[in-house]
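Have a look at the structure below, then the notes.
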Amino acid sequence: MNTDASALRFQSVKNETKVESSTFGTYNGTIDENGFATVRVLLDSVDTTIDLRNVRMRFLLFETFQYPEAVITMQIDPAQLADLRDVRRKVMMAPYTIDLHGVTSEREAEIAVTLLDDDTVSVTSRTPISLPVADFALEGGVAKLEEAAKVSILPSATVTFDFMFNRAESAESYLSASTAMLGTAETETVAMEDDGDFSLEACKGRFEIMSRTDNIYFARSSATLEDRSAPLLDSIVEIVNRCPELSIRVDGHTDSDGTAALNQSLSEARARSVRAYLVEAGADGDRIDTIGFGEDVPIVANDSVENKQRNRRIEFSVVSG
């Protein structure tokens, strides 16, 4: 794929009428000799043109610390393109598979394939492709976005693309391109943000967003962190280190099950466990304090399993800077 000449965009609607168009900064793809196309999109590179909105999309919606990429595969029938040199452009229905947020879905899209010259082909979405959030277990992420940004969001997005592919000069160059593409998926710094230390506003915004993720897990009635908490906590270490002028506090909260005294003790222990992980992973412990609030500061009523889950949480407060 010639990414410099390609385009990939998705459109979402908030507050019923406001359409927002966003893209990704890092994606790549190949088409083999049998018409099998693969496109990889690094979700950390989501670009809405607004820094903190990018961060919300990464951590609250896509949960890129756990699901770093979307992979789309499509089989283009070579027989349908047998006369492409003569007609130059063909419109067809093509089945494709998308792997997004841990869900694999088989779908179909109308595409246009255009032969621009002997070495260049364009593959374009003929019509916008609708992706309902419920099909990819993204409803919780949308709810977090709505709460964080105080907006309503339609539970579906549309995707459009215009991909340009150049002919590989040899089998070796094809394999080299494939290897480069896969290597890109392991690139650590792909987020659309400035290098170096974050501004004070960016730091405060990030810790507020980290407090809404709900992706820090403990063993039941315990302060022992579960292994699945590590990807998010590692991301928080990076944020702490890129906010060197800030001191933060890890706040522990519980639901109302059990006695108030036990919940207070548990919330304090969980906050300390998070701090210990951050420090062990490389964060400056001198700038991280902890506190436990027990069951005293619920964000919703403790009247359902779902609400109790929301109240059992870790938040991050900026205490200086």
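Only lysines eight or more places from Lys150 in sequence, or on another chain, were considered; those with a Cα closer than 18 Å are Lys14, Lys18, Lys204.
Could you tell me which of rounded, prolate or oblate describes region 43-144, using a ≥ b ≥ c as the square roots of the eigenvalues of the alpha-carbon gyration tensor, with rounded for a/c under 1.5 and, failing that, prolate when a/b is larger than b/c and oblate otherwise? Kindly include the intermediate steps, with their values, before the conclusion.
On the way: a/c = 3.01, a/b = 2.13, b/c = 1.41.
Verdict is prolate for region 43-144.
Here the contact order of region 200-320, divided by its residue count and restricted to Cα pairs under 8 Å and six or more residues apart, works out to 35 percent. Here Rg and Dmax of the Cα atoms in Å was computed from the coordinates, and among [x] 20.1, 76; [y] 22.9, 79; [z] 19.7, 64 the match is [y].
Taking the fewest neighbouring Cβ atoms within 10 Å as the starting point, the ordered list for Tyr27, Tyr96 is Tyr96, Tyr27. The mean sequence distance of close C-alpha pairs (under 8 Å, at least 6 residues apart), as a share of the length of the chain, puts its relative contact order at 16 percent. Extension gain, Asn2 to Arg107: 0.36 nm times the residue separation minus the Cα-Cα distance gives 35.3 nm. Judged by the gyration tensor of its Cα atoms, with axes a ≥ b ≥ c, region 200-320 is prolate; a/c meets the 1.5 cut and a/b is the larger of a/b and b/c.
With the highest mean first, a sort of the peptides 274-287, 60-73 on other beta-carbon atoms found within 10 angstrom per residue produces 60-73, 274-287. Between Ala143 and Ile291, the FRET efficiency estimated from the beta carbon spacing at R0 = 30 angstrom works out to 0.65. Distances between placed amide hydrogens fall under 5 Å for Asp289 paired with Ile248, Arg249, Val250, all partners being 5 or more residues away or on another chain.
Order these by the 10 Å Cβ neighbour count, fewest first: Asp195, Asp251, Asp77. Write out the running numbers ahead of the final one.
Details: Asp195 6, Asp251 21, Asp77 13.
Ascending Cβ contact count within 10 Å gives the list Asp195, Asp77, Asp251.
Sequence-distant contacts, meaning Cα pairs under 8 Å at least 6 residues apart, place the relative contact order of region 3-184 at 24 percent. Please work out the Cα center distance from region 19-43 to region 240-260, rounded to the nearest Å. Computed from Cα coordinates, the inter-centre distance equals 38 Å.
At a 10 Å Cβ-Cβ cut-off, how would you order Ser256, Ser304, fewest neighbours first?
Working: Ser256 16, Ser304 10.
So the residues, fewest neighbours to most, are Ser304, Ser256.
Adding -39500 (n - 2.57) for every DSSP H run of four residues or longer, then dividing by how many residues the chain holds, sets the calculated 222 nm ellipticity at -8000 deg cm²/dmol.
Every number here is computed from the coordinates shown, using simple stated rules; none is lab data. Computed from a predicted model, the values in this text were never measured in an experiment. Every residue, glycine among them, receives a Cβ derived from its backbone with ideal geometry; neighbour counts consider all protein chains shown.
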